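The values are calculated or read from the model by the stated rules, or taken from the named source; none is laboratory data. This one's a predicted model, so the numbers in the text were calculated from it and none came from an experiment. Cβ coordinates were reconstructed from backbone atoms using ideal geometry, including for glycine residues, and neighbour counts include every protein chain displayed. Side chains included, ligands, DNA and RNA excluded: accessible areas come from the protein's heavy atoms. Shrake-Rupley method; radii C 1.70, N 1.55, O 1.52, S 1.80 Å.
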Amino acid sequence: MSPERLGINALFMAALLAILAAFLPQAIWPDSPIYTEVLTPTALLFLSSPVKLFFLFLAASFAFLTYRGFAPNNPVRPAWLSLSSGFFLFFLGQAILGWYQLIRFIPSPFPSPADFFFFSGTVLLILSMWLFVAAYGKSGLSVGSRASFLLSGIIYAGLASFLIYKVIAPLLSVPQTRMELLLNLGYPILDLVLIFPVFLLFRSALTMRGGVLWKVWSFILAGILAFTAGDILYSHFSVFEYKNLDPLLDVLYASSYILIARGTLVQADLVRRT
Amino acid sequence: MAESGILSNIDRQMFLSMIESAISPYIGANMARASLKMHCDRLNLFNPVFTAEECEILLEKLAKGLHVFIGEHSTLAIIQEIHQKMEEKGIHVA
């Protein structure tokens, strides 16, 4: 491995470890002096918000470079463009949250204009995942047996049923404004729709174990699963006002964007190679 | 063996191993093996010996699939690597 590549790997690993080390203990010891005197809520915001912005920007940029790296008639090109656009919309949404939190020093409101970007970004991610499923399925290479895809579908159906029953349905019983209800239900439902093609792609990625494409897809899909978990928990926590679990959300979102940026970088490097 | 001293045929297993070792670092050994088997089945390539033409048809099919995953540049590099190995074995490629 070249020194340059070692340095890049170290940057991603350091960012991930820093986020885990800063936020996870807070979920267990929220009243520790570290969190009341050093890593205060403001200090943590100044850590997490720029990290999220930076890695979302990287993810969008590397996905765009990948899109540009494929020939114009390549069927997978629209999938990478859609993925890049989705992450760029997430970046804009995160920038709006950052404006509230880091510049105006006020908690970001919910709903806010950022939700428009997060919502439409998720729709583009769903589109991109289906475009990947279609392009890879038609590639002529072996991306998994029908039985294995059927099994993925069954596992997904079980997970979705559990989430609908345990997480989404209880949201209906809490008084909320129409907009809050729309978003609190909308995010988890969109995420459920997103997870299905992610499951199918994950099944395909399993057949790539040992290859560089396994790295690409394991990072990207793990990242997407992390933020969908974050969205679902966010809706649940905000409706039921569980405040102490915010650090977990920060870990899920920040690590998600770091993983996705890592995966898209590997793919961008692959398509640019001559 | 042809008059020019260039082989026109190649052992099936040797050729498939050559391809597998070239594409496995990208798509993994499982997918490489399964894809090769799938293409051989579809193209009815079951003879113990492949002609240079059959080799090219198989490579062309694989390249079309690889384009989607790793792009045209990396695919071209892989195909050139395989061609080079074939030349080393004395198999002439167009």
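Per residue, segment A:111-182 exposes 56 Å² of accessible surface when a 1.4 Å probe is rolled over the protein heavy atoms with every protein chain present.
For segment B:1-81, the carbon plus sulfur part of the accessible surface works out to 55%, probe radius 1.4 Å. Here the simple spin-label model places points 7 Å from the Cα toward Cβ, and for residue A:18 and residue A:116 these points are separated by 3.2 nm. Rounded to whole numbers, the Karplus 3J(HN,Hα) couplings from phi for segment A:28-37 are 9, 10, x, 9, 4, x, 4, 8, 9, 10 Hz, using 6.51 cos²θ - 1.76 cosθ + 1.60 with θ = phi - 60°, and x at Gly and Pro. Please state the shape class of segment A:85-203: rounded when a/c is under 1.5, otherwise prolate if a/b exceeds b/c and oblate if not, all from the C-alpha gyration tensor. In terms of gyration-tensor shape, oblate.
So which residues of segment A:117-148 lose at least 20 Å² of accessible area, probe 1.4 Å, when you go from the chain by itself to every protein chain present? Residues meeting the cut-off: A:136, A:139, A:140, A:141, A:142. Dividing the alpha-carbon radius of gyration of the protein assembly as shown by the rule-of-thumb value 2.2 N^0.38 Å gives 1.16.
Atom-type composition of the exposed protein surface of segment A:134-274 places 68 percent of the accessible area on carbon and sulfur (1.4 angstrom probe).
Counting partner chain Cβ atoms within 10 Å of every residue's Cβ in A:201-207, what's the average?
2
For segment A:150-190, the alpha carbon convex hull comes to 49 Å³ per residue, rounded to a whole number. Peptide packing for A:24-33, A:41-50, A:222-231 was compared via the average number of neighbouring C-beta atoms within 10 Å per residue; ordered from the highest value, the list is A:222-231, A:41-50, A:24-33. Shielding value for B:32-38 is 4, the average number of Cβ atoms from other chains within 10 Å of each residue's Cβ.
Partner aspartates and glutamates whose Cα lies under 19 Å from the Cα of residue B:85, excluding those fewer than 8 positions away in the same chain, are identified as B:11, B:20, B:53, B:54, B:56, B:60. Using only Cα atoms, tell me the angle between helix A:41-69 and the longest principal axis of chain A; keep it within 0 to 90° and round to the nearest 10. Computed tilt is about 20 degrees. Can you list the residues of segment A:210-229 whose accessible area drops by at least 20 Å² going from the chain on its own to the full set of protein chains, with a 1.4 Å probe? So the qualifying set is A:211, A:212, A:213. Using Cβ point charges alone (K and R +1, D and E -1), the dipole size of chain A about the Cα centre works out to roughly 1060 debye. Could you tell me what percent of the accessible area of segment A:21-73 is made up of carbon and sulfur, with a 1.4 Å probe and every protein chain present? The C+S portion of the solvent-accessible surface of segment A:21-73 is 71 percent.
Buried accessible surface for the B/A pair, both sides summed and rounded to the nearest 100, is 2000 Å² with a 1.4 Å probe.
Of A:111, A:54, A:150, which is farthest towards the positive pole of the protein assembly as shown's charge dipole, taken about the Cα centre with +1 and -1 on the beta-carbons of Lys, Arg and Asp, Glu respectively? Going by the Cα projections, it comes out as A:150.
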